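First the structure, in the form of structure tokens, and then the observations on it.
The values are calculated or read from the model by the stated rules, or taken from the named source; none is laboratory data. Source: prediction; values computed, not measured. All Cβ positions, glycine included, derive from the backbone under ideal geometry; neighbour counts span all protein chains shown. Note: accessible area is taken over every heavy atom of the protein model, side chains too, but ligands, DNA and RNA are not part of it. Shrake-Rupley method; radii C 1.70, N 1.55, O 1.52, S 1.80 Å.
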Amino acid sequence: MKAEIIIIGAGAAGLVAARELATAGRDVLLLEARDRAGGRMLTIRDPRAQAPVELGAEFVHGSHELMLSLLEAAGIARRERPDDDDDEDWLQEKKIGELLKHVDELSEDMSLAAYVRRYALDPAMGDVAEGMLAYAEGFDAADPEIISVEAFAEEWWSDASIRGSGSRLLDGYGLLVDFMLRSLGKATVHFRSVVERIEWKRGEVVVHAVREGTRETHTARRAIVTLPPSVMQERTIFDPPLPRETQEALRLLVMGPVYKVVMILDEALLSGIEFVHHDETPFPALWHSLPNARTLTAWAGGPSADRLRGLSHEEIIRAAVVSAERALGTSLEKALENAYLHDWQRDPFALGAYSYARVGGLTARDTLAKPVEETLFIAGEACAGQGFGGTVAGALDTGMRAARAILSL
Ligand SMILES: Cc1cc2nc3c(=O)[nH]c(=O)nc-3n(C[C@H](O)[C@H](O)[C@H](O)COP(=O)(O)OP(=O)(O)OC[C@H]3O[C@@H](n4cnc5c(N)ncnc54)[C@H](O)[C@@H]3O)c2cc1C
């Protein structure tokens, strides 16, 4: 097929870019490997849950302008995350802020773990340092020995951080996906179309894809590529390879692992529960989503998730149930009605949950997003700046930025 612009990936970034370009009357072809849109937004409907079951993104981080305007246009209701004292105690937000103040004095970047070893020497800071490392592991899905302290601090002070406001979508991210999909106008969408190679030169891209077993070739003047960074790292997609600067930026980003299990339980067990942190179990964080919902979510990110790799689907769910039993101090044998898990690490179109920057990677996201020869526009959460890397809101920003850059040419 021939189009003016090919967009690869129908997640948050790809959908918003396709919507913007199609609305401006541009000829768009959107290629998506899965049989559904949304990418790492994945909402399951189970009436027993009495709430959406979010296997991917769940929270809206910060008061993000583009996100909020899309939610408003789509008529999607939110519920603010309640202030959680347990969270505050666990995080000791103010003290973490103090501990992070030395970042400005650093002559060069270092890992968060190395930073803690250098600056949290006072035994009184032990708990604070622990809270900070747990935050990096749980929230950023990062290995503290690898994540850049500069990038961590940037996110900490941003509106995307857990310190900022946060909310959930009452009917789930699936509604946002449906809304964006419905508003693609005349754009052509191919599902089950796996892009294998992108040949490119200035002003021309030739995209080789396999759609339901059949090889297809599509040409366009430009492409917006929203593949997760892990997919671009694992596979040789670009021919010729991306410029060295772009490749180096990609190398400085790491795809963090997350296992998220959503259990459907007897309501009585869940009353009064918001967030529970229980470091001694395979799933250190648990939360109950919305009032009246019968879901309890178990979360393991970063090194905790790494320890679960290699287990079978059933074994991971079992580990989540055991973690919940220990944290709640009760058997769930009778109360558990169902449990859901999507293994993002094994999913070939994600290869992990979301990205974080390794040491030296503070500007990697911006560099990755720099258009290449006015022809290739890389977008997606890995390119999002101002602390919004790794989030849906950040991904939306990057898709919009790429679309507008093309419209301005
Ligand atoms: C468990 C989990 C929990 C999360 N929680 C939150 C949260 O609470 N709040 C939040 O803001 N964010 C959260 N995130 C992160 C958020 O989901 C992502 O940052 C965001 O959805 C990424 O959007 P994207 O468009 O950049 O990438 P994606 O959604 O990954 O879109 C890329 C698309 O490319 C497709 N693709 C891949 N390979 C190919 C190929 N070869 N050919 C064609 N298409 C291909 C994929 O199928 C996918 O649809 C979470 C993620 C996970 C996994």
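Of the strands (runs of 3 or more DSSP E) lying entirely inside the stretch 329-409, those carrying at least 3 residues that are touching a strand residue (DSSP E or B) at 6+ places or on another chain (Cβ under 7 Å) and more than 16 Å from the ligand (Cβ to nearest atom) are 336-341. Residues in the stretch 288-328 that are touching a Leu at 6+ places or on another chain (Cβ under 8 Å) and within 13 Å of G138 (Cα to Cα) were compared, and the one that is surrounded by the fewest Cβ atoms within 10 Å (Cβ to Cβ) is W299. Of the residues making up the stretch 198-210, those that are closer than 15 Å to T375 by Cα and open to solvent by 30 Å² or more (accessible area, probe 1.4 Å) number 6.
Residue count for the stretch 268-286 satisfying the condition of being in contact with a Lys or Arg (Cβ under 8 Å, 6 or more places away or on another chain) and either within 10 Å of L296 (Cα to Cα) or open to solvent by less than 30 Å² (accessible area, probe 1.4 Å) (or both): 2. Taken over the stretch 268-309, the criterion of being within 12 Å of the ligand (Cβ to nearest atom) and part of a helix (DSSP H, G or I) is satisfied by A305 alone. Within the set G185, G172, the sole residue that is within 28 Å of L70 (Cα to Cα), surrounded by 16 or more Cβ atoms within 10 Å (Cβ to Cβ) and of a type outside the set (D, E) turns out to be G172.
Within the stretch 233-247, is even one residue assigned by TED's automatic domain parsing to the domain that holds A384, touching a residue at least 60 places away in the same chain (Cβ under 8 Å) and part of a strand (DSSP E or B)? Yes, because at least one residue in the stretch 233-247 is assigned by TED's automatic domain parsing to the domain that holds A384, touching a residue at least 60 places away in the same chain (Cβ under 8 Å) and part of a strand (DSSP E or B). Does A57 count as more than 16 Å from the ligand (Cβ to nearest atom), outside the structural domain of T375 (by TED's automatic domain parsing) and either modelled with pLDDT of 95 or more or assigned to a helix (DSSP H, G or I) (or both)? In short, no.
Quick check on R318: is it away from the ligand (no atom under 12 Å from the Cβ) and either aliphatic (A, V, I, L, M) or more than 13 Å from the chain's Cα centre (by Cα) (or both)? Yes; evaluated as a whole, the condition is true for this residue.
Condition test on R221, is it within 16 Å of the ligand (Cβ to nearest atom) and under 15 Å from L29 (Cα atoms)? No, not satisfied. May I ask you to verify whether R365 is modelled with pLDDT of 95 or more and surrounded by fewer than 17 Cβ atoms within 10 Å (Cβ to Cβ)? Taking the combined requirement at face value, the residue does not satisfy it. The lone criterion from (1) closer than 30 Å to H218 by Cα; (2) within 8 Å of the ligand (Cβ to nearest atom); (3) of a type in the set (D, E) left unmet by D35 is number (2).
Screening T43 with (1) open to solvent by less than 10 Å² (accessible area, probe 1.4 Å); (2) within 13 Å of the ligand (Cβ to nearest atom) gives one miss only, at (1). Residues in the stretch 275-291: is at least one farther than 28 Å from I146 by Cα, over 23 Å from the mean Cα position of the chain (by Cα) and modelled with pLDDT under 95? Yes; the residues of the stretch 275-291 include at least one that is farther than 28 Å from I146 by Cα, over 23 Å from the mean Cα position of the chain (by Cα) and modelled with pLDDT under 95.
Answer with yes or no whether E337 is touching a helix residue (DSSP H, G or I) at 6+ places or on another chain (Cβ under 7 Å) and either more than 20 Å from L42 (Cβ to Cβ) or not assigned by TED's automatic domain parsing to the domain that holds S111 (or both). Taking the combined requirement at face value, the residue satisfies it.
Of everything listed in (1) more than 23 Å from F388 (Cβ to Cβ); (2) at pLDDT 90 or above; (3) out of contact with any Lys or Arg (no Cβ under 9 Å at 6 or more places or on another chain), the single unmet condition for L100 is (1). The single residue among A77, A49 that is surrounded by 17 or more Cβ atoms within 10 Å (Cβ to Cβ) and more than 15 Å from the ligand (Cβ to nearest atom) turns out to be A49. When the stretch 60-74 is limited to residues that are closer than 20 Å to E381 by Cβ and free of Cβ contacts under 8 Å to residues at least 60 places away in the same chain, the one that is nearest to the ligand (Cβ to nearest atom) turns out to be L68.
The set of residues from the stretch 229-267 being open to solvent by less than 20 Å² (accessible area, probe 1.4 Å), away from the ligand (no atom under 16 Å from the Cβ) and under 17 Å from T375 (Cα atoms) comprises just one member, T246.
Residues that are surrounded by fewer than 24 Cβ atoms within 10 Å (Cβ to Cβ) and either part of a strand (DSSP E or B) or near the ligand (Cβ under 6 Å from one of its atoms) (or both) within the stretch 1-17 comprise just one, K2.
For the stretch 123-136, the set of residues classified as open to solvent by 50 Å² or more (accessible area, probe 1.4 Å) and under 26 Å from the mean Cα position of the chain (by Cα) consists of E130 only.
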